[in-house]
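Every number in this text was worked out from the coordinates using simple rules, so none of it is lab data. For clarity, every value in this text was computed on a predicted model and none was experimentally measured. As a convention, Cβ positions derive from the backbone with ideal geometry for all residues, glycine included, and neighbour counts pool all protein chains shown.
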Amino acid sequence: MADVGGIAADRLKSFIERIERLEEEKAALTADIREVYAEAKATGFDTKIMRQVVKLRKMDSNDRQEQEELLDLYKRAVGLEI
């Protein structure tokens with residue numbers, strides 16, 4: 001393809017196709033993750049808590065500690081037991 005309006009059409013099409021393939025892969029991975037959570041739930045695990053643990057494990061330890069300290073502070077501020 002030639003340039004269209006100053007845009008290299010072949011290059012643009014290549015980017016679009018790569019993004020589409022990656023979106024398909026992402027959808028497949030999302031479905032796989034959903035299946036693992038369903039399996040865990042069927043086994044008796046609380047998937048909400050599991051999601052929180054996964055999120056916490058992704059965090060830097062300093063960020064995680066700061067978040068936990070803020071949560072404790074907020075809980076004390078509204079009268080929740082710690």
Simple spin-label estimate for Ile33 and Glu17 in nanometres, 7 Å along Cα-Cβ: 2.8 nm
Partner aspartates and glutamates for Lys26 [C-alpha distance under 18 Å; skip if fewer than 8 residues away on the same chain]: Glu17, Glu35
The chain: angle of helix 61-77 to the longest principal axis, Cα-based, in degrees nearest 10: 50 degrees
Solution diffusion estimate, µm²/s, Stokes-Einstein, the chain, Kirkwood Rh from C-alpha pairs, 4 °C, viscosity 1.567 mPa s: 75 µm²/s
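Nothing charged except the Cβ atoms of Lys and Arg (+1) and of Asp and Glu (-1): what's the magnitude of the dipole of the chain about its Cα centre? Round to the nearest 20 debye.
Dipole of the chain, to the nearest 20 debye: 140 debye.
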Given charges at Cβ of Lys, Arg, Asp, Glu: region 1-45 dipole, positive-most of Ala28, Ala8, Ala42: Ala42
Under the Karplus curve 6.51 cos²θ - 1.76 cosθ + 1.60, θ = phi - 60°, whole-Hz ³J(HN,Hα) for region 11-22, x wherever Gly or Pro sits: 5, 4, 4, 4, 4, 4, 5, 5, 4, 4, 5, 5
